[in-house]
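Chemist: Before I ask anything, let me first share the structure, which is written out below as structure tokens.
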Amino acid sequence: MNKLSNRVRFSPRRFLRLFVVGLTAAYGCIVLGLSILYITRLTQPTCPPPLQPPQGFQEITLVTADGLTLIGWWRPPQNGAAILLLSGWGGGRASMLREAQFLSAYGYGVATIDYRACAGKIQTLGYREVNEFNALLDFVLQQPEVNWVGALGFSVGGTTVILGSAERPEVRAIVASGNYANLYDEMTAGTALLFSPKWQIQRLVALLFAIRTGISPAKISPLDALSKLNPRPVLLIHGEKEVLRTRGYEQQAAAGNGAELWVVPGAGHGEYWLVAPEEYEQKVSRFFDAARE
């Protein structure tokens, strides 16, 4: 009887060990679960709903080098010059409509395209989206009205434009707004304490991105590609609230003497048009005008 009592007697030390193991396992599941949810949303954004092209635009169907069929919009130029427009994360052909409309008002042709998420593929935040960029560029170069091409991209689109233009000298001038400098640095940016939950999630997200896409985020680096654009004209646009995080000044230096950086006072990510609409329109249109002279 005494032996049986000893075996079932409550052991505080054993209970504490089980509690710590259970708590650690629960914490690990929470961190992993949040990281998986985040990376799934990041790489599988919802495709924007299909829209009819605005007046003066026509719908085009393009096939990328890796076999994706995507929809875009095209408006021919009146001045012989066309601008490729690449939207931010989760965007599509209608996401850069404001830019398309004011550029076309200045006589420029404009071309936009959906991203690979609309074909059910994983989005890679600018790396494989260069295939979309190339498909759009190849289409525009085949148009008889076009004798000059520039490109404008926002956020992920800015990254795509830089990476794509670095390998395509046919693009004569580049505008990139709000793009990150290096994807791994972007994913791990901030002031998280060492080994804090935020610190752990950031690095787990970077690891899961590499596993999910097969691409190391450290290798997706507009900062490294910008030097290949020199001496082409480059305009970088970053908000005052984001320019340190996006390393705008470093990007300008990497792009060489032909690069200009406009830091929009008081603006955060994507707020350039909201904060300074007239100046934004003038900066972009005059930049392309000057690049064509």
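Chemist: Among (1) of a type in the set (Gly, Ala, Ser); (2) at pLDDT 95 or above; (3) at negative phi, where does residue 80 come up short?
Modeler: (3)
Conditions (1) under 16 Å from the mean Cα position of the chain (by Cα); (2) of a type in the set (Val, Ile, Thr); (3) buried (at least 16 other Cβ atoms within 10 Å of the Cβ), marked per residue:
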| residue | (1), (2), (3) |
| --- | --- |
| 208 | no, no, yes |
| 212 | no, no, yes |
| 231 | no, no, no |
| 239 | yes, no, yes |
| 251 | yes, no, yes |
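Chemist: Now for a separate question. Restricting the stretch 173-206 to residues that are of a type in the set (A, V, I, L, M) and assigned to a loop (DSSP other than H, G, I, E, B), which is least open to solvent (accessible area, probe 1.4 Å)?
Modeler: Filtering the stretch 173-206 for residues that are of a type in the set (A, V, I, L, M) and assigned to a loop (DSSP other than H, G, I, E, B), the one least open to solvent (accessible area, probe 1.4 Å) comes out as 181.
Chemist: Then there is this: Somewhere in the stretch 200-223, is a residue closer than 18 Å to residue 127 by Cα and in contact with a Gly (Cβ under 9 Å, 6 or more places away or on another chain)?
Modeler: Looking for residues that are closer than 18 Å to residue 127 by Cα and in contact with a Gly (Cβ under 9 Å, 6 or more places away or on another chain), one finds at least one in the stretch 200-223, hence yes.
Chemist: Which residue pairs have Cβ atoms under 6 Å apart, sit 6 or more places apart or on different chains, and have a first residue in the stretch 186-201 that is at negative phi and a second that is in a loop (DSSP other than H, G, I, E, B) and modelled with pLDDT of 90 or more?
Modeler: That search, which allows pairs on different chains as well, returns 186/180.
Chemist: Could I ask something else about it? What about residue 122, is it in contact with a Phe, Trp or Tyr (Cβ under 7 Å, 6 or more places away or on another chain) and closer than 25 Å to residue 219 by Cα?
Modeler: Taking the combined requirement at face value, the residue does not satisfy it.
Chemist: Show me the strands (runs of 3 or more DSSP E) found entirely inside the stretch 57-172 where at least 2 residues are touching a Gly at 6+ places or on another chain (Cβ under 8 Å) and surrounded by 21 or more Cβ atoms within 10 Å (Cβ to Cβ).
Modeler: Of the strands (runs of 3 or more DSSP E) lying wholly inside the stretch 57-172, those with at least 2 residues that are touching a Gly at 6+ places or on another chain (Cβ under 8 Å) and surrounded by 21 or more Cβ atoms within 10 Å (Cβ to Cβ) span 69-75, 81-86, 109-113, 148-154.
Chemist: State which residue is modelled with the lowest pLDDT when the search covers only the stretch 207-258 and only residues that are small (Gly, Ala, Ser) and in a loop (DSSP other than H, G, I, E, B).
Modeler: Going through the qualifying residues, I end up with 258.
Chemist: Under 8 Å by Cβ, and 6 or more places apart or on different chains, what pairs join a residue from the stretch 32-50 that is assigned to a helix (DSSP H, G or I) with one that is surrounded by 17 or more Cβ atoms within 10 Å (Cβ to Cβ) and among the polar types (S, T, N, Q)?
Modeler: So the pair list comes out as 42/123; 43/123; 43/124; 43/213.
The values are calculated or read from the model by the stated rules, or taken from the named source; none is laboratory data. Computed from a prediction, not measured in an experiment: that's the story for all the values here. Methodologically, a virtual Cβ is constructed for each residue, glycine included, from the backbone with ideal geometry; neighbour enumeration extends over all protein chains shown. These accessible areas exclude ligands, DNA and RNA; they are computed on the full protein's heavy atoms, side chains included. Shrake-Rupley method; radii C 1.70, N 1.55, O 1.52, S 1.80 Å.
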